[in-house]
1. So is Ala103 aliphatic (A, V, I, L, M), without any contact (Cβ under 8 Å) to a residue 12 or more places away in the chain and part of a loop (DSSP other than H, G, I, E, B) or not?
2. Test each condition in (1) out of contact with any helix residue (DSSP H, G or I) (no Cβ under 7 Å at 6 or more places or on another chain); (2) open to solvent by 70 Å² or more (accessible area, probe 1.4 Å); (3) outside any strand (DSSP E or B) for Gly94 and report the one that comes out false.
3. Where in segment 2-91 are the strands (runs of 3 or more DSSP E), entirely inside, with at least 2 residues that are open to solvent by 70 Å² or more (accessible area, probe 1.4 Å), out of contact with any Gly (no Cβ under 9 Å at 6 or more places or on another chain) and more than 13 Å from Gln105 (Cα to Cα)?
4. Could you go through segment 31-38 and let me know if any residue there is modelled with pLDDT under 95, out of contact with any helix residue (DSSP H, G or I) (no Cβ under 7 Å at 6 or more places or on another chain) and of a type in the set (Ser, Thr, Tyr).
Amino acid sequence: MPKVTYVYDDGSEHTVEVAVATSLMRAALRNQVSGIVGECGGAATCGTCHVYLDHSTEQFAPPSGDEDEMLEWTAAPRAANSRLSCQLVPTDEGAHLVVRVPAEQV
């Protein structure tokens, strides 16, 4: 199973195993990862699952037009590695990802 480490603003971490083809937003909600809201349920229309993708052994496609546009409206500043966690869906069984959770989402 892919492994995802969510890193909080204070440096603490929460690592979870994620079923293949499960978005990082869904995995966060199922595992009580704080700081991920996912208000729109994964439709890339709210920006409340914003993360900074610091490390990934799996390659993801660049943000789609909708995701790219929504990243302009996130509560925390956008960075070059900003992504919506609802759009990050690991498909590699051995994937390991590290994402930072912004201090604020709304």
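The values are calculated or read from the model by the stated rules, or taken from the named source; none is laboratory data. Computed from a prediction, not measured in an experiment: that's the story for all the values here. Here the Cβ is made from the backbone with ideal geometry for all residues, glycine too, and neighbour counts use every protein chain on show. In case anyone asks, the SASA skips ligands and DNA or RNA and just uses the protein heavy atoms, side chains included. Shrake-Rupley method; radii C 1.70, N 1.55, O 1.52, S 1.80 Å.
1. For Ala103, the condition - aliphatic (A, V, I, L, M), without any contact (Cβ under 8 Å) to a residue 12 or more places away in the chain and part of a loop (DSSP other than H, G, I, E, B) - is not met.
2. With (1) out of contact with any helix residue (DSSP H, G or I) (no Cβ under 7 Å at 6 or more places or on another chain); (2) open to solvent by 70 Å² or more (accessible area, probe 1.4 Å); (3) outside any strand (DSSP E or B) applied to Gly94, the lone miss is (2).
3. Passing ranges, in order: 13-17, 50-56.
4. Yes.
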